[in-house]
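**Student:** Below you will find the structure I want to go over with you.
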Amino acid sequence: DDIHLSDNFISFMLYYMHIASGVTMAFSTLVFYLMLTKTPRTSRPLMKHLMLTQFFITFNDIVFGVLLGGIPLFPAPAGFCEGLVCKMGIPGHVALVISYFALAYVAASFVFCFYSKHSTVLDLTRHPSTRSVRIAVVGTGEQARAYIERVANRDPLIDGKVVEV
């Protein structure tokens, strides 16, 4: 059966994505301002990691809300792209890899933020740093890189070709 989406639905979803991205970017600007002006000096080392995390969250919003403009087709695990990247004629698998990188950077920044908090607590309590935590952080980054490469090379939904399961 052919399923057709109305133009009203597509327009609504695009406006929704742009409004959500705009609101999130406004909040991100407020968060950057508050971090720069209200963070106590003792928390400055952690602030760098939090600002990096906030930067990647903002980057993720720009990618999903403006560049890709993805419209999900729930409950099917599918969607289509109506953003700037797709309108410029860039292939679908490139847009998919861009979205995976945006999400991977957010995840990696969370890992490094938690690692920084962990290291700070160890320093404050005068416990020796553990090597296993460092290995876990580096291993997580390597796994993310390998996963993105695998998806970029062998994704079943490349350029609109849908593989039925």
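The values are calculated or read from the model by the stated rules, or taken from the named source; none is laboratory data. No experiment lies behind these values; they were computed from the predicted model shown. Here the Cβ is made from the backbone with ideal geometry for all residues, glycine too, and neighbour counts use every protein chain on show. Only protein heavy atoms, including side chains, enter the accessible area calculation; ligands, DNA and RNA are left aside. Shrake-Rupley method; radii C 1.70, N 1.55, O 1.52, S 1.80 Å.
**Student:** Need a quick list: helices (runs of 4 or more DSSP H) entirely within the stretch 1-101 having at least 2 residues that are in contact with a strand residue (DSSP E or B) (Cβ under 9 Å, 6 or more places away or on another chain).
**Tutor:** Ranges flagged: 7-38, 84-87.
**Student:** Inspect the stretch 59-67 for any residue being out of contact with any Phe, Trp or Tyr (no Cβ under 9 Å at 6 or more places or on another chain), touching a residue at least 40 places away in the same chain (Cβ under 8 Å), over 30 Å from Leu124 (Cα atoms) and aliphatic (A, V, I, L, M) and give the result as yes or no.
**Tutor:** Checking the stretch 59-67: at least one residue is out of contact with any Phe, Trp or Tyr (no Cβ under 9 Å at 6 or more places or on another chain), touching a residue at least 40 places away in the same chain (Cβ under 8 Å), over 30 Å from Leu124 (Cα atoms) and aliphatic (A, V, I, L, M).
For (1) of a type in the set (S, T, N, Q); (2) farther than 28 Å from Val111 by Cα; (3) at pLDDT 85 or above; (4) exposed (fewer than 13 other Cβ atoms within 10 Å of the Cβ), each residue gets a yes or a no:
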| site | (1), (2), (3), (4) |
| --- | --- |
| Leu5 | no, yes, no, yes |
| Met35 | no, no, yes, no |
| Leu52 | no, no, yes, no |
| Val66 | no, no, no, no |
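**Student:** Just checking, which of Ala78, Ala107 is among the small types (Gly, Ala, Ser) and within 30 Å of Ser119 (Cβ to Cβ)?
**Tutor:** The unique qualifying residue is Ala107.
**Student:** If Met88 passes every condition in (1) modelled with pLDDT of 80 or more; (2) under 30 Å from Ile71 (Cβ atoms); (3) surrounded by 13 or more Cβ atoms within 10 Å (Cβ to Cβ) but one, which one does it miss?
**Tutor:** Against the list (1) modelled with pLDDT of 80 or more; (2) under 30 Å from Ile71 (Cβ atoms); (3) surrounded by 13 or more Cβ atoms within 10 Å (Cβ to Cβ), Met88 comes up short only on (3).
**Student:** Quick check on Thr125: is it in contact with a helix residue (DSSP H, G or I) (Cβ under 9 Å, 6 or more places away or on another chain), at pLDDT below 80 and open to solvent by 50 Å² or more (accessible area, probe 1.4 Å)?
**Tutor:** Considered against the rule, which asks whether it is in contact with a helix residue (DSSP H, G or I) (Cβ under 9 Å, 6 or more places away or on another chain), at pLDDT below 80 and open to solvent by 50 Å² or more (accessible area, probe 1.4 Å), Thr125 comes out as no.
**Student:** Please state which one of Ser116, Ser109 is among the hydroxyl-bearing types (Ser, Thr, Tyr), within 19 Å of the chain's Cα centre (by Cα) and either modelled with pLDDT of 75 or more or at positive phi (or both).
**Tutor:** That would be Ser109, the only listed residue that is among the hydroxyl-bearing types (Ser, Thr, Tyr), within 19 Å of the chain's Cα centre (by Cα) and either modelled with pLDDT of 75 or more or at positive phi (or both).
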